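Structure first, commentary second.
Any read-out appearing in this document is the output of simple, stated calculations on the displayed coordinates, not a laboratory observation. In this text the structure is predicted, and so the values were computed from the model without any measurement. Here the Cβ positions follow ideal geometry from the backbone for every residue, glycine too, while neighbour counts run over all protein chains shown.
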Amino acid sequence: MDNFFTHYRCTQCGKEFEPTGLHYLCDVCSRDYKPGMPLLGVLEAIFNYPAIREAWLQQPDIRLFSAVNPQFYPPIPVGDTPLFMAPRLAESIGLPQLWIKNDALNPSGSYKDRASQIVVADAVQKGVEEIVAASTGNAASSLACIAASVGKKAVIFAPESAPPAKLIQIQVHGAKLNKVKGTYDDAFKAALDYSATHECICRNTGYHPLTVDGKKSAGLEIFLQSGKVPDWIVIPVGDGVILTGIHKAFMDLMHSGITDKLPRLLAVQADSSDAITSYWETGTYNDAAKPATIADSISVKTPALAHWAVQAITESSGKAIRVSDAEIQQAQLDLAQLAGVFAEPSSSATLAGLKKAVKMGLIPASAGMTSDNAIILLITGHGLKDTASVRSFD
């Protein structure tokens, strides 16, 4: 398959970088970046969009939008997860066209496999043997899983408070686990420090531009599976990388002339981890004061892609909303008992956010009423990865 990736471009100043090297942030815009602040000079993968359009008309294939030639992909299958209607859940909310994109069915049980797949493929292509990442658990267990399939060494920095099931998953795949006394933000800095002194690729979310490009694949699948652009996609948001990835998927489709519209994005954050929501509301960035939520995967003080995430919400005419842990727990039960989907708390936040957005009028009650304005809940992690929130059933 031909590769249509042409270059990287800085999302702030527009500076371009050749496609073959190992790039992280723009060398101009990132001069003032320090760990503990949102990333500056994040790079975006750019493609030959007219050529993709011609190839798509011959045979639609999401791999046309891949920045790494698929011949380098690991053998373990990632993506192509089901998109399906959830009629009982839809009836309970009063939104008949409610669909679920269940990415908990990826190899490691997480959406993060999409980013790991392309970063590991990049390591294969470049002949780099070691990949390092910071994570609260899902990105780490994902990298450990995908790296193991090709014999690459995964080095992980994760908070010691990460869910035990995720830490076990990291170790069972043979990754080197470094437990960090502190938060995800502390682990992020530790991974950057490690990569500065070792010959490796740093998979840190948002820092490596291919993490966004890998995560866009779910948006491309949604378009291909449904044959249209949905009205709303509801996304759990921590660092903002899944949100920007989904947005980029539909921007790439628009640039290629394959569609002429964007889905509206509903960004859902936990009450205590609301930096992106507050930024969208006020136009001024501030860290989340004290992130503390059962939804560990979206518990972030300083979201890496805060700037791009707010841009994605704005460009899609979307919204952002906060939900409480109690609302997340109830949504987790509703997903399990009305749709048969056991989602971890961070993923369950999508349903909690949708219900709250409809109640508050952020999403009109008329949305999701016909096939032309479907609403999609993005499920990003399996409930078995973190069972603490439902242990009352023991």
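Place +1 on the Cβ of every Lys and Arg and -1 on the Cβ of every Asp and Glu in the chain, take the dipole about the Cα centre, and give the residue among VAL68, PRO164, TYR8 whose Cα lies farthest towards its positive end.
Most positive-ward Cα: PRO164.
Just to be sure I understand the model, the point goes 7 Å from the Cα along the line to the Cβ. What's the resulting LYS153 to ALA196 distance in nm?
It works out to 2.1 nm between the two label points.
Would you work out the charge dipole size for region 155-314 about its Cα centre, treating the Cβ of every Lys and Arg as +1 and the Cβ of every Asp and Glu as -1, and quote it to the nearest 20 debye?
Numbers: 14 positive and 16 negative charges, 51 e Å.
Dipole magnitude for region 155-314 comes out near 240 debye.
Cα to Cα, under 16 Å, and not fewer than 8 places away if on the same chain: which aspartates and glutamates meet these conditions relative to LYS112?
ASP80, ASP103, ASP122, ASP213, GLU221, ASP239, ASP296, GLU344, ASP386
Quick one: among ALA309, ALA134, ALA148, which has the greatest mean-square fluctuation in a GNM of the chain with alpha-carbon springs under 10 angstrom?
Of ALA309, ALA134, ALA148, the Gaussian network model singles out ALA148 as fluctuating most.
Please give the net charge around MET254, taking every other residue with its beta carbon less than 9 angstrom from that of MET254, where Lys and Arg add +1 and Asp and Glu add -1. Write out the running numbers ahead of the final one.
Working: positive: LYS261; negative: ASP252, ASP260.
Counting the neighbours of MET254, the net charge comes to -1.
Can you pull the Rg over Rh of region 103-229, Cα-only, Kirkwood? Each step should come with its number before you reach the end.
Values: Rg = 14.2 Å, Rh = 14.5 Å.
My calculation puts Rg/Rh at 0.98.
Can you match P(r) over Cα pairs in 20 Å bins from 0, in percent to one of these, (i) 29, 61, 11, 0; (ii) 31, 62, 7; (iii) 27, 58, 14, 0, based on a calculation from the structure here?
Here P(r) over Cα pairs in 20 Å bins from 0, in percent agrees with entry (ii).
Would you tally the net charge around THR6, using a Cβ to Cβ cut-off of less than 11 Å, leaving THR6 out, and scoring K and R as +1, D and E as -1? Don't skip to the answer; put the middle values down first.
Numbers: positive: ARG9; negative: GLU16, GLU18.
With Lys, Arg at +1 and Asp, Glu at -1, the net is -1.
Report, in deg cm²/dmol and to the nearest 500, the calculated mean residue ellipticity at 222 nm for the chain, where each DSSP H run with n ≥ 4 adds -39500 (n - 2.57) and the sum is divided by the residue count. Show your work: numbers first, answer last.
Values: 13 runs with 146 residues, N = 394.
My calculation for the chain gives -11500 deg cm²/dmol from helical runs alone.
Treating the beta-carbon of each Lys and Arg as +1 and of each Asp and Glu as -1, no other charges, what is the dipole magnitude of the chain about its Cα centre, to the nearest 20 debye?
Working: 34 positive and 39 negative charges, 61 e Å.
Here the chain has a charge dipole of around 300 debye.
For the chain, set up a GNM with springs between Cα atoms under 10 Å and report which of SER297, SER366, SER141 has the largest fluctuation.
Comparing SER297, SER366, SER141 in the GNM, the peak value goes to SER366.
Can you tally the net charge around GLY36? Count Lys and Arg as +1, Asp and Glu as -1, for every other residue whose Cβ sits under 14 Å from the Cβ of GLY36. Walk me through the intermediate numbers first.
Numbers: positive: LYS34, LYS189, LYS301; negative: ASP32, ASP185, ASP186, ASP193, ASP239, ASP287.
With Lys, Arg at +1 and Asp, Glu at -1, the neighbours total -3.
Of the cross-linked pairs LYS179/LYS355; LYS215/LYS261; LYS301/LYS359; LYS179/LYS319; LYS179/LYS248, which ones have a Cα-Cα span greater than 30 Å in the structure shown? Present the calculation step by step, with values, prior to reporting the outcome.
On the way: LYS179/LYS355 36 Å; LYS215/LYS261 20 Å; LYS301/LYS359 28 Å; LYS179/LYS319 35 Å; LYS179/LYS248 33 Å.
In this structure, LYS179/LYS355; LYS179/LYS319; LYS179/LYS248 lie more than 30 Å apart at Cα.
Among rounded, prolate and oblate, which fits region 158-280 when a ≥ b ≥ c are the square roots of the eigenvalues of its C-alpha gyration tensor, a/c under 1.5 means rounded, and a/b larger than b/c means prolate?
On the way: a/c = 2.19, a/b = 1.78, b/c = 1.23.
It is prolate, given that a/c is not under 1.5 and a/b is the larger ratio.
Can you compute the charge dipole magnitude of region 147-235 about its Cα centre, using +1 on each Lys and Arg Cβ and -1 on each Asp and Glu Cβ, nothing else charged? Give it in debye, rounded to the nearest 20.
Using Cβ point charges on Lys, Arg, Asp and Glu, region 147-235 gives about 220 debye.
State the extension gain, in nm to one decimal, for the chain segment bounded by GLN330 and GLU16, taking 0.36 nm per residue of separation less the distance between their alpha-carbons. Present the calculation step by step, with values, prior to reporting the outcome.
Values: separation 314, 0.36 × 314 = 113.04 nm, distance 4.62 nm.
The span from GLN330 to GLU16 would gain 108.4 nm if fully extended.
Could you work out how much longer the chain between LEU224 and ALA289 gets when fully extended? Use 0.36 nm per residue separation minus the Cα distance between them, nm to one decimal. Provide the component values of the computation, followed by the final result.
Numbers: separation 65, 0.36 × 65 = 23.40 nm, distance 3.97 nm.
Net length gain for the segment: 19.4 nm.
Hey, got a sec? Which GluC sites (Glu not before Pro) in region 141-234 land in a DSSP loop and have at most 14 other Cβ atoms within 10 Å? Could you put the intermediate results ahead of the total?
Details: sites: GLU160, GLU199, GLU221; in loops: GLU160, GLU199.
In loop regions of region 141-234 (DSSP not H, G, I, E or B), the sparsely surrounded GluC sites (Glu not before Pro) are GLU160, GLU199.
Positive end of the dipole of region 234-302, charges at C-beta (+1 Lys, Arg; -1 Asp, Glu), about the Cα centre: which of THR277, THR259, ILE235 has its Cα farthest in that direction?
The one lying farthest along the dipole's positive direction is THR259.
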